[in-house]
Amino acid sequence: PDIEFYTPWQSSSRPDLAALVRAQPKPGQETMRAPALRRRFRKSWCSWVRLVLLARALVVAAGIGVFLYLVVPQWMIQRRLDAAPVDIIECILEAGGMYPSGLRATLEFSVPRDVLRLPLLSFTAAVYGFRGNVFFVDKVDGVEVRKLLGAMESDEKISIDSRQDMRLRIGGDMGVQKYAAVSAMLDAFVKRPTVKVGVEAKVDIYARVWGLFPVPFYGIVLWKSLQVEAFDGFKHAPIELKKIISAEGTSERLLVVASAAVINPTPVTLVLRDDVQMRVSYPVDDGRQYLASLFVKPPMKVMPGLSASEATLELRHAPTARGEETLHTFIGDYIGEQEGYMRLGQHGGRLPVVVHDVNSSSALIREVSRGLVVDVDLKPMPIALLRSITADVVAMSLTGYKVIVHLYVSNPVPHTVDIVAFALAAHHLDLAGDILYNYKRDELWNPDGRYTLGPFENATLDFELNPISEVSWSTLTSPSVLGALALQAINQSVSLGVKLNLTASIGGFVQQVRYKNNKLSGRVCYNLAMPRGHCGGLPKRDLAPAADSSEDSDSESDRAMAPLFWSERRLQAIV
């Protein structure tokens, strides 16, 4: 390349031949110069290849780094979260009031620090609010299906320290998006032993490694599902009536405000800030029959464990005989089988009722409870009604006598009760025995309030029998019965089976109560004259004089037995 050739016609520019000769390479010099050029070329080419490979390596490394940054933290956090034993300390769900179309959820939970610990690494992290979707995880044909309930938002800061157990309290508003899903979850929450709920949230985590080096992670998508205990249809703990608070009646309806003890086996506190109404039916042979309406005033709060709630029960006279008979059946089942001086409802049984047709001023409650039908067991509240029974037999003349039955009873309601009709059938020894007497008054004479009981009053009610028409003479003429009654007369005691139909009025609402007692022990006192006190020491009532009473007026038994027997006052006057 260093030699140039010139043609003859280029003589004007012909170079010096001596210079050309001097420029020629010496022997051996050419062979030494070519490898150097080749080495220089190879070195240059290798440098470019190395640069390209290095650039590719950097790109790959950057891609791997980005992949690890985006995937590995989420994978590690999700894996730890799946295995994390989350302990729910408190969960509050509020509906209605300030949240007409959604829920207010507050969750307090704890996670052990072992879940957060990393080898040779400690860190702190913070999450400034999140938005997540809440799901009801249902099983359809054995396959888990996520049903979207709504979206939950929270602006609260979550602080995490890998050196400490994590205990967090998060609150947020959840807008309901799928009423059908919430309705399905409510049905499962009431009827099943457990329900499964999951939350999927997208969060930004701002961490500091060893408290020094900031490492942010953006857009981490996390999923966590929890198995939560549910009510299981109130099977393990029925709703128990605790106290009758008030009772107000009219001719058309009776409103009873009562408190009930509810066992909430779940960690969830339910708060309803709107009124709720529901219908209560009682199962009969061919289905269920409407019994009453139940009203719950806001706020109703059912906390985990034992809590008491107040509700108003509205009873109305059924328009059909079947409806009235259903109410009589419910009252009879509530009382249960009585023997001795038991309290009503002390039999320990349960009353199965059906709650349905839930209504509310809250659109959310109306929608999510649409079609909800719940079978609930009620545990009756023990109520004292009949405390003692005695009788005074008073000889009125050589051929006649008076029988006065004393019933010591309790008024179980905080309202004045008027007894307007009374029917008492007494059987010898027990209900399987022959009937001794049948006392029946379709309309009691009550001018002086002798058959009126004040709120929660214990009092003695006196009922005078008509020995001619109300005593079963066929039973009394039986030798075996006469012998047994003679022995009981010696001991001044008697065993009876009692059927009692008591018609009472509470503020104008008239209702019949059917009471049966298989075997009652009573006392009979025999007197030659009217005693000052009641047989058995039962307390005697101080009655106000009747408005139309006079000193010569006859008693009820006198009018019932006249003209067969003289009244006590006439007998005393003749004597």
Which residues' amide hydrogens lie under 5 Å from the amide hydrogen of THR194, considering only partners 5 or more residues apart or on another chain, with H built in the peptide plane?
-> ALA230
Mean Cβ count within 10 Å, highest first, over the residues of peptides 504-515, 153-164 | 504-515, 153-164
Using r as the Cβ-Cβ distance of ASP448 and MET530, and R0 as 22 Å, what FRET efficiency do you calculate, to the nearest 0.05?
-> 0.80
Based on the Cβ-Cβ distance from ILE383 to GLU108, what FRET efficiency comes out when R0 is 35 Å, to the nearest 0.05?
-> 0.30
Length added when fully stretched, LYS499-ASN518, from 0.36 nm per residue minus Cα-Cα = 6.0 nm
In nm, to one decimal, how far is the modelled label at LEU482 from the one at THR194, with both set 7 Å along Cα→Cβ?
-> 7.4 nm
Contour minus Cα-Cα span, ALA57 to VAL140, at 0.36 nm per residue, comes to 24.9 nm
With +1 at each Lys and Arg Cβ and -1 at each Asp and Glu Cβ, the charge dipole magnitude of the range 441-544 around its Cα centre, to the nearest 20 debye, comes out at 360 debye
May I ask you to list the residues of the range 417-459 whose amide nitrogen lies under 15 Å from a point 7 Å from Cα along the Cα→beta-carbon direction of ASN491?
-> 429-430
For the range 124-274, state the semi-axes of the equivalent ellipsoid (square roots of 5 times the eigenvalues of the alpha-carbon gyration tensor), sorted largest first and rounded to whole angstrom.
-> 41, 20, 16
Residues in the range 264-305 reached by a label modelled at ARG169 [backbone nitrogen below 18 Å; 7 Å Cα→Cβ] = 267-271, 303-304
Kindly rank 248-257, 481-490 from highest to lowest mean number of other beta carbons found within 10 Å of each residue.
-> 248-257, 481-490
Extension gain (nm, one decimal) between GLU325 and TYR401, 0.36 nm per residue minus Cα-Cα | 23.4 nm
Relative frequency of Cα-Cα separations exceeding 12 Å in the range 260-313, percent = 69 percent
Hits among lysines - C-alpha to C-alpha of LYS178 under 19 Å, sequence gap 8 or more where chains match | LYS139, LYS147, LYS196
At a probe radius of 1.4 Å, what is the per-residue accessible area of LYS191, in Å² to the nearest 10?
-> 90 Å²
Could you work out how far apart the two model spin labels at ALA318 and PHE456 are, taking each label as a point 7 Å from the Cα in the direction of the beta carbon, and quote it in nm?
-> 3.3 nm
Cα pairs beyond 19 Å in the range 280-366, in percent, come to 55 percent
Rounded to the nearest 20 Debye, what is the dipole magnitude of the range 246-289 about its Cα centre when Lys and Arg each give +1 and Asp and Glu each give -1 at the C-beta?
-> 140 debye
Taking amide H positions as placed in the peptide plane 1.01 Å from N, state which residues far from VAL209 in sequence (5 or more) or on other chains have amide H under 5 Å from it.
-> VAL215
Ordering of 528-541, 169-182 by packing [mean C-beta count within 10 Å, highest first] | 169-182, 528-541
If the cut-off is a Cα-Cα distance under 15 Å, which aspartates and glutamates reach LYS519, setting aside same-chain residues fewer than 8 apart in sequence?
-> GLU337, GLU339, ASP430, ASP434
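The values are calculated or read from the model by the stated rules, or taken from the named source; none is laboratory data. Note that the structure is predicted; figures quoted are calculated from it, not measured. Glycine also receives a Cβ, built like all others from the backbone with ideal geometry; neighbour counts cover every protein chain displayed. With ligands, DNA and RNA removed, areas are computed over all heavy atoms of the protein, side chains included. Shrake-Rupley method; radii C 1.70, N 1.55, O 1.52, S 1.80 Å.
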